[in-house]
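We did not get these values from a lab; they are worked out from the coordinates using the rules stated. Remember, predicted model here, so these are calculated numbers, not experimental data. Cβ sites come from the backbone with ideal geometry, for glycine too, and all protein chains shown count toward neighbours.
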Protein chains: 2
Amino acid sequence: MELPIRISKDSREPIYHQIVNQFKALIAGGHLSAGAPLPSIRALSKDLEISIITTRRAYQDLELQGFIKTLQGKGTFVAEIAEDLKEEVKVTSVHNIIENAVDTALSYDYNLSQVKEIFLTILKDKEKGE
Amino acid sequence: MELPIRISKDSREPIYHQIVNQFKALIAGGHLSAGAPLPSIRALSKDLEISIITTRRAYQDLELQGFIKTLQGKGTFVAEIAEDLKEEVKVTSVHNIIENAVDTALSYDYNLSQVKEIFLTILKDKEKGE
DNA sequence: TATACTGTGCATATAGATATATACAGTATA
DNA sequence: TATACTGTATATATCTATATGCACAGTATA
């Protein structure tokens, strides 16, 4: 399966964390359903050109958070997650990041109506396909 | 002067980086004008309960980026920065963080009109004073 | 059963963020 | 001049993220 996992090695955000967040988005967003196999640790490591340890770390975090299940010798699979839990992850993740963006704008001395204007402009650009 | 610098020691973001970003916002946002003194390295370190090294690192970064000037023995002061440069920092910083928030929402499978709705709700909450 | 996949565990290494401590150097002012 | 502020420099230590390498263990299948 072709997974749209993309990492940036220059980012301040740790690689394993980038991987975790992207899988969370794919699972909570419904693009990966329960039982779907994830790439093997070795395959993903090779794809992203990172060490097995880093991929392993990401998968361990995802398992701890309940998003995936690993079965030794068989592989790694999307876990069964209650719909409302997925929805909660989705809602709070997005809410938090948007709220943080608004707070940052306010800290730069924009007022609320200016923030709204900037935001609507960005949305319009996205609609046009950037 | 009472500066609204607040750090989180649990954050994944390095402390020196949090300090840099907050001063950048204060300066580019116009809350600190050229020549204004910053707290001494020792005073800020004591206030925030962090080591002098960390504060120093933050101030060095800010100086490298041209936002402040340090004078040995005298103190640290907001640098003279062209208005249009300040404006550019302000605009791009805010634009980037909002665009990133929108992209995250899209990665969670929200569509643009849903993102808009969430955003407007958050803005309304802010207007009411949270 | 042999082979080729899966995941697991461990020992070790490097780099960066951060910390502590100590000493040095420039400046202002009573 | 004494003292109390400033910033500067350096040596050392800890923690975390990340890396490499190697060996082990479970599973599927020809």
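At an R0 of 25 angstrom, the distance between the Cβ atoms of A:ALA34 and B:ASP103 translates into a FRET efficiency of 0.45.
Of the GluC sites (Glu not before Pro) in the range A:21-116, which ones lie in a loop per DSSP and count no more than 15 other C-beta atoms within 10 Å? Answer in residue order: A:GLU49, A:GLU80. When the Gaussian network model of chain A links Cα atoms closer than 10 Å, the mean-square fluctuations of A:THR54, A:THR104, A:THR92 top out at A:THR104. Taking a straight line from the alpha carbon of B:LYS69, these lysines sit under 25 Å away, with near neighbours fewer than eight places off in the same chain left out: B:LYS24, B:LYS46, B:LYS86, B:LYS90. Going by Cα centres, the range B:54-84 and the range A:1-62 are how many Å apart? Between the Cα centre of the range B:54-84 and that of the range A:1-62, the gap is 39 Å. Show which lysines lie in cross-link reach of A:LYS126 when reach means a straight Cα distance below 19 angstrom and same-chain residues fewer than eight apart are skipped. Result set, ordered by chain and number: A:LYS116, B:LYS116. Bridgeable aspartates and glutamates around B:LYS128 (alpha carbons under 20 Å apart, same-chain partners fewer than 8 residues away excluded): A:GLU99, A:ASP103, A:ASP109, A:GLU117, B:GLU117.
Seen against the Cα atoms of chain B and their longest principal axis, helix B:83-107 is set at about 40 degrees.
Candidates B:GLN114, B:THR92, B:VAL102 compared by Cα position along the dipole of the range B:83-127: farthest toward the positive end lies B:GLN114, with charges placed on Cβ. For B:ILE68, what is the net charge nearby, where nearby means another residue's Cβ is under 11 Å from its Cβ and Lys, Arg count +1, Asp, Glu -1? Once positives and negatives cancel, what remains is -1. Neighbouring Cβ atoms from other chains, within 10 Å of the Cβ of residues in B:118-125, number 5 on average. For the segment B:85-97, counting C-beta atoms of other chains within 10 Å of every residue's C-beta and taking the mean gives 3.
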